[in-house]
Amino acid sequence: MGHFYELAESASPRTFCRAKPGPVRHFVMRAGSRGLLRLEWRRTGGADFYRIERTRDGREYECLGETRDTGFFHRVTVCRDPWFYRVTAVNCRGGGTARMVWFFERRGNGRNCLRAVPVRPGLRVNIYEAMPEQ
């Protein structure tokens, strides 16, 4: 006697991922006029897509979006609102790590603060700006 099986999924094999993808390399960020940010990076081997996130304190990140491209636009509308931005490569095993984050604070009149910050365990960052004497 035979059995009849209903296949809910395609019989084609899935791609296999051995490990999480590596860190995103050559990650740069550019600030345009009126708070428009352009995040760019190079492709990471084994990545299915990229997750763009931001945080204020480095602990809890909020997701801004996901893309398969190597670039992302984000508009910051509030002045004096500092954030750290990161991009991580993601595949079926999970998200990779970040080696670099960018600090951005929109200040208006083309005087935005944009700084690259390396990611190191236990690293605390204080960002100051020297004010010119008047």
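Among residues belonging to the range 72-104 that are in contact with a Leu (Cβ under 8 Å, 6 or more places away or on another chain) and surrounded by fewer than 13 Cβ atoms within 10 Å (Cβ to Cβ), point out the one that is modelled with the highest pLDDT.
F73
Look through the range 37-51, keep the residues that are free of Cβ contacts under 8 Å to residues at least 40 places away in the same chain and either exposed (fewer than 14 other Cβ atoms within 10 Å of the Cβ) or more than 11 Å from the chain's Cα centre (by Cα) (or both), and return whichever of them is farthest from H74 (Cα to Cα).
Top of the filtered list is G45.
Counting just the residues of the range 68-118 that are among the polar types (S, T, N, Q), part of a loop (DSSP other than H, G, I, E, B) and in contact (Cβ under 8 Å) with a residue 40 or more places away in the chain, which one comes out nearest to T44 (Cα to Cα)?
Top of the filtered list is T97.
The values are calculated or read from the model by the stated rules, or taken from the named source; none is laboratory data. The structure presented is a predicted model; accordingly, all values stated were derived computationally and were not measured. Here the Cβ is made from the backbone with ideal geometry for all residues, glycine too, and neighbour counts use every protein chain on show.
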